[in-house]
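The values are calculated or read from the model by the stated rules, or taken from the named source; none is laboratory data. Not measured: the values here are computed from a predicted model. Please note: Cβ atoms are built from the backbone with ideal geometry, for glycine as well, and neighbour counts cover all protein chains shown. Quick note on the areas: whole protein, heavy atoms, side chains included, nothing else; ligands and nucleic acids left out. Shrake-Rupley method; radii C 1.70, N 1.55, O 1.52, S 1.80 Å.
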2 protein chains.
Amino acid sequence: MPKRTDLSDTFCPVGRSAELLGDRAVLLILRDLFFGNRRFEVIAANTGLGPQLVSARLKRLESEGVVERRAYQERPVRHEYWLTAKGKDLFGVLYAMRGWAERWAYRDGETGGGSAMRYIHRACGSDVGTALVCPGCGETLGYGDLKGEPSPELRAEQARRGRSESARR
Amino acid sequence: MPKRTDLSDTFCPVGRSAELLGDRAVLLILRDLFFGNRRFEVIAANTGLGPQLVSARLKRLESEGVVERRAYQERPVRHEYWLTAKGKDLFGVLYAMRGWAERWAYRDGETGGGSAMRYIHRACGSDVGTALVCPGCGETLGYGDLKGEPSPELRAEQARRGRSESARR
DNA sequence: CATAGTAACTATGATAATCATAGTGACAAG
DNA sequence: CTTGTCACTATGATTATCATAGTTACTATG
């Protein structure tokens, strides 16, 4: 695309986040990072994105201070990508997206009755549904407070992705 | 781009929303719609997007059931774009994006001390900051409960956009 | 020690989305 | 009957994205 007007210095906060988050690949990579996938190949397989896109986006996320590259071994040097505090704070955005989709983006019965991704409040054990405040104990929910549980359907899909990736070689 | 793998039928809820929301133009248009701008030209001017992009995205939003086209006059027929219930429910996502940006995307003092966009809880009058639950009365916050107040800096920028748009003719 | 394997990329060429700019159609006002 | 407004559509250049293949730097196995 041609040079589009850069919005990172607009005064509008939604404009600023849109510059980073208004990108499919960024959103998918963030999803994987929140899910605990930190390796390049795993992220590429899970998101279905090509390696150069993953590479480019991880670089952008790193330069924005959302993600941190950490070597998990020397010889050969291998890296993992970790969310920084600024990155972890994006949980609210992803959680809101997930909530909206759970409420609107599935046809009846498509998820087998429940949520595609269940979230359990670690502190009290309640299923929080898509709430912002725990329906069990009333606490405000943030990253770390919740434990994600993919539905059997979602788990199966993830397994399929992993397999077809490794089957290609 | 080449046909990328469509994620609207993945089981992952974030993947499904990413298909719609992982797009700068969609995010900016939604921002304007939540702000109360419903006319094509106003949206185009405010977002800085070209008319064919605005047109294409409004069509997509309409086909997704997020936006509704309503004629506000006959002879000549003129339309406005209104958020549907499904669209209004995206407020949580935009609000989370705004909150994140307010916390992380400004250098010190850039906003003149406060938020770029203040939100006031209509019911009790408190400034909610970037909270999900009103710090004054403890109520959960959703679209309609809040009144947005752009900072002087943001207001000035919006005025500038409007002017430079009309000055081009 | 030679081949195979793994992780994390980079290179290449085709395709498609985005941009700026200009133009259109339908009407209203002066 | 010219100018103006609103909501678009048309066009051509530019650039991002995709699929596929190749690279680098090692380790592990036979």
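Kindly list the residues of the stretch A:52-69 that lie in the label zone of residue A:143, defined by a backbone N under 12 Å from the point 7 Å along the Cα-to-C-beta vector.
A:65-68
At a probe radius of 1.4 Å, what is the per-residue accessible area of residue A:39, in Å² to the nearest 10?
Approximately 90 Å² for this residue.
Between residue A:39 and residue A:63, what is the spin-label point distance in nm, taking each point 7 Å from the Cα along the Cα→C-beta axis?
About 2.8 nm separates the two model spin labels.
Normalized C-alpha radius of gyration of the stretch A:91-169, against 2.2 N^0.38 Å?
1.26
Measuring nothing but label to label, 7 Å from Cα along Cα→Cβ, what are residue A:127's distances to the other copies in nm, shortest first?
4.1
One decimal, nm, shortest first: give the distances between the label point of residue A:63 and those of the same position in the other copies, each label point 7 Å from Cα along Cα→Cβ.
Result, one decimal in nm: 3.4.
What accessible area per residue comes out for chain A, rounded to a whole number of Å², with a 1.4 Å probe?
Numbers: 8630 Å² over 169 residues.
Per residue, chain A has 51 Å² of solvent-accessible surface.
Taking 27 Å as the cut-off for C-alpha to C-alpha distance, list the pairs among A:59/A:88; A:86/B:86; A:59/B:147; A:86/A:147; A:59/B:88 that go past it.
A:86/B:86; A:59/B:147; A:59/B:88
Name the cysteines of chain B that stand alone by the Cβ rule: no other cysteine Cβ under 4.7 angstrom.
Cysteines lacking a close Cβ partner in chain B: B:12, B:134.
May I ask you to report, in nm to one decimal and beginning with the shortest, the distances from residue A:74 to the same position in the other copies, taking label points 7 Å along Cα-to-Cβ?
Distances between equivalent label points, in nm: 8.0.
Hey, got the average number of other protein chain Cβ atoms within 10 angstrom for residues in B:20-31?
6
Using R₀ = 35 Å, calculate the FRET efficiency as 1/(1 + (r/R₀)^6) where r is the Cβ-Cβ separation of residue A:108 and residue B:122; round to 0.05. List each step's numbers first, then the result.
Numbers: r = 34 Å, r/R0 = 0.98.
So, using R0 = 35 Å, E works out to roughly 0.55.
What nm distance separates the two modelled labels at residue B:156 and residue B:74, each placed 7 Å from Cα along Cα→Cβ?
4.8 nm
Pairs of Cα atoms under 8 Å, at least six residues apart: use those to get the relative contact order of the stretch B:47-106, whole percent.
Once normalised by length, the contact order is 22 percent.
Once ligands and nucleic acids are excluded and a 1.4 Å probe is used, how much of residue A:88 is accessible, expressed in Å² to the nearest 10?
Surface accessible to solvent at residue A:88 totals approximately 100 Å².
Once a ≥ b ≥ c are taken as the square roots of the eigenvalues of the Cα gyration tensor of the protein assembly as shown, is the result rounded (a/c under 1.5), prolate (a/b larger than b/c) or oblate (a/b not larger than b/c)?
In terms of gyration-tensor shape, rounded.
Carbon and sulfur atoms: what percent of the 1.4 Å accessible area of the stretch B:1-92 do they account for?
Details: 2220 of 4430 Å².
Here carbon and sulfur together make up 50 percent of the probe-accessible area.
When only C-alpha pairs under 8 Å and at least 6 residues apart count, what is the relative contact order of chain A, in percent? Walk me through the numbers before you get to the answer.
Details: 170 pairs, mean separation 26.0, N = 169.
Worked out over chain A, it gives 15 percent.
Give the A-B buried accessible area in Å², both sides summed, 1.4 Å probe, nearest 100.
Summing both sides, the interface buries roughly 4800 Å².
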